[in-house]
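Reviewing the structure listed below.
FYI, it's all coordinate maths here, none of it is from the lab. Everything numeric in this text was worked out from a predicted model, so none of it was measured. Cβ atoms come from the backbone with ideal geometry, glycine included; neighbour counts cover every protein chain shown.
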Amino acid sequence: MAKIGIVGATGMIGKPVTNAFIQAGFEVTVLVRNIEKAKRLFGNNVHYMRGDVRNIAEIKRFITGLEYLYLNLSVAKDSAEDDFQPERDGMVNIIAVAKESSVKRIGYLSSLVHLYEGQNGFHWWAFELKSRAVHKIRAAGIPYSIFYPSTFMESFDKGAYRQGNFIALAGVSKFKMFLIAAGDYGKQVVKAFELNNGNQEFVIQGEEGFTADEAANFYKKHCSKTQLMVVKAPLFLLKLAGKFSNKFAYGAKIIEALNNYPEKFEADKVWNILGKPHTKFIDYINAG
């Protein structure tokens, strides 16, 4: 039984990926700060290790004996560039330990929209951080699988777009995003590790394309369990609020990038390798 360690297992995307590895028969160990919380998600299906990517000793205990490593790291919305950043500072610690270990493959959740960095004069430290994380993994000398997903369907009921009973938008969404369900993504990640074939980089997209406005209104129309309202504000107001709040500054930057990134469908070749996602947006909404 292949042994994999997962960092970031309990989040919106980490949980379905972890479940996909469990269902595929992997022996899963998760590094978490709160074991009690994690046990409510995974029960006795995984091994738990309490630890933090700030701590080299804890990372060493976690990685010892593992064959594979999957990293689901992120920038906290209320954090600042100079704060400890898991995808920058934690990544340095993880790679340093992994290079001295038996790990045979590192998987990393990046993003497709971070490729907007440098386009139309757009610059954001959080996207630069993601690019550097990719470079660090490529340079580590360990076979890797890097995933660049489009927007997750979960963003409209569990993520950034959903604010209570509102779906919050800002600015003008100019391009379609090929929404992917996290469960389908998890199965593709597992397949990449099962293939275990050289260095891999995959664009992860679903079949259907929506602008943010189209997706929000589609979700509102078909969500029968909750009365939702789509609200929209000028982007400049969000940017103005961002001068006083890291959280609003994060929101303004990510929405600006999502609104303007010219995403093109290019996942058909990936489907031939990792399998085609099956979840339509309507199916995801109805299952919620």
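Out of the stretch 71-108, which residues are among the hydrophobic types (A, V, I, L, M, F, W, C), under 26 Å from Lys176 (Cα atoms) and in contact with a Gly (Cβ under 8 Å, 6 or more places away or on another chain)?
First pass over the stretch 71-108, keeping only residues among the hydrophobic types (A, V, I, L, M, F, W, C): 71, 73, 75-76, 80, 84, 91-92, 94-98, 103, 106.
Okay, now just the ones that are also under 26 Å from Lys176 (Cα atoms), so 73, 75-76.
Across the stretch 71-108, the qualifying residue is only Leu73.
Return yes when Ile56 is in contact with a helix residue (DSSP H, G or I) (Cβ under 8 Å, 6 or more places away or on another chain), farther than 17 Å from Ile4 by Cβ and among the aliphatic types (A, V, I, L, M) and no when it is not. Criteria met by Ile56. The one condition from (1) hydrophobic (A, V, I, L, M, F, W, C); (2) in contact (Cβ under 8 Å) with a residue 60 or more places away in the chain; (3) assigned to a loop (DSSP other than H, G, I, E, B) that Ala20 does not meet is (3). Scanning the stretch 161-185 for residues that are of a type in the set (A, V, I, L, M) and surrounded by fewer than 18 Cβ atoms within 10 Å (Cβ to Cβ) turns up just one, Val172. Here Pro86 meets each of (1) surrounded by 15 or more Cβ atoms within 10 Å (Cβ to Cβ); (2) closer than 30 Å to Cys223 by Cα; (3) touching a residue at least 12 places away in the same chain (Cβ under 8 Å) with one exception, condition (2).
One residue alone among Ser111, Ser102, Ser155 is crowded, with 18+ Cβ neighbours inside 10 Å, out of contact with any strand residue (DSSP E or B) (no Cβ under 6 Å at 6 or more places or on another chain) and in a loop (DSSP other than H, G, I, E, B), and that residue is Ser111.
Has the stretch 273-286 got at least one residue that is among the acidic types (Asp, Glu) and not in a helix (DSSP H, G or I)? No, the stretch 273-286 contains no residue that is among the acidic types (Asp, Glu) and not in a helix (DSSP H, G or I). So for the stretch 207-226 (the condition being buried (at least 20 other Cβ atoms within 10 Å of the Cβ), under 18 Å from Ala76 (Cα atoms) and within 19 Å of the chain's Cα centre (by Cα)), does at least one residue qualify? The answer is no, given that none of the residues of the stretch 207-226 is buried (at least 20 other Cβ atoms within 10 Å of the Cβ), under 18 Å from Ala76 (Cα atoms) and within 19 Å of the chain's Cα centre (by Cα).
Scanning the stretch 235-272 for residues that are part of a loop (DSSP other than H, G, I, E, B) and hydroxyl-bearing (Ser, Thr, Tyr) yields Ser245, Tyr261. Scanning the stretch 227-254 for residues that are loosely packed, with under 15 Cβ neighbours inside 10 Å, aromatic (Phe, Trp, Tyr) and in contact with a Gly (Cβ under 9 Å, 6 or more places away or on another chain) turns up just one, Phe236.
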